[in-house]
Amino acid sequence: MTEPSERPRSDSNALVARVTADLERAGALPEGSAIVDARVMAIDPAYVVFGLEDRPLVEAAHRFLASRGITSLGRYGKWEYSSMSSCIRDGRAWAEELACAGHRQASVMGSS
């Protein structure tokens, strides 16, 4: 979530409540799910700082997350500069992949 640097920072509890409500509204937080931890951090500047020496660590982090079923997307998640259109494109491709995987799983389950 971005905020103008000229304004006072929003209350952390209010930000977490807003994000939680948005996740629920978007259907990204299934019924019965619980958020077990939340943390708000101010990141300044809001751009990834690139370094060739970071690549092995980033790749290890992606492997670790993927092994736990977590897909890391976006400017911070991929640790790369991404335009807004790139982030939206990647998010849509990920959602389509999930939808196709769910369809394949339902087809396999339904064919038993």
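Computed quantities for the displayed model
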| item | result |
| --- | --- |
| Estimated inter-spin distance, residue 93 and residue 57, nm [label 7 Å along Cα→Cβ] | 2.6 |
| Relative contact order (%) - criterion: Cα under 8 Å, at least six apart; region: the chain | 16 |
| Label-point separation in nm, residue 70 to residue 101, each point 7 Å along Cα→Cβ | 1.5 |
| Kyte-Doolittle mean at least 0.0, axial Cα span of 20 Å or more - DSSP H helices of the chain | 12-26 |
| Loop trypsin sites (Lys or Arg not before Pro), the range 4-56 (other Cβ atoms within 10 Å of the site Cβ: 16 or fewer; DSSP) | 9, 39 |
| (i) 29, 22, 14; (ii) 29, 22, 9; (iii) 26, 23, 12, with the label sought being that of the calculated semi-axes √(5λ) of the Cα gyration tensor in Å | (i) |
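No lab work stands behind these numbers, since they all come straight from the coordinates. Keep in mind that what you see is a predicted model, and the values were worked out from it rather than measured. Note that each Cβ is placed from the backbone with ideal geometry, even for glycine, and that neighbours are counted across all protein chains shown.
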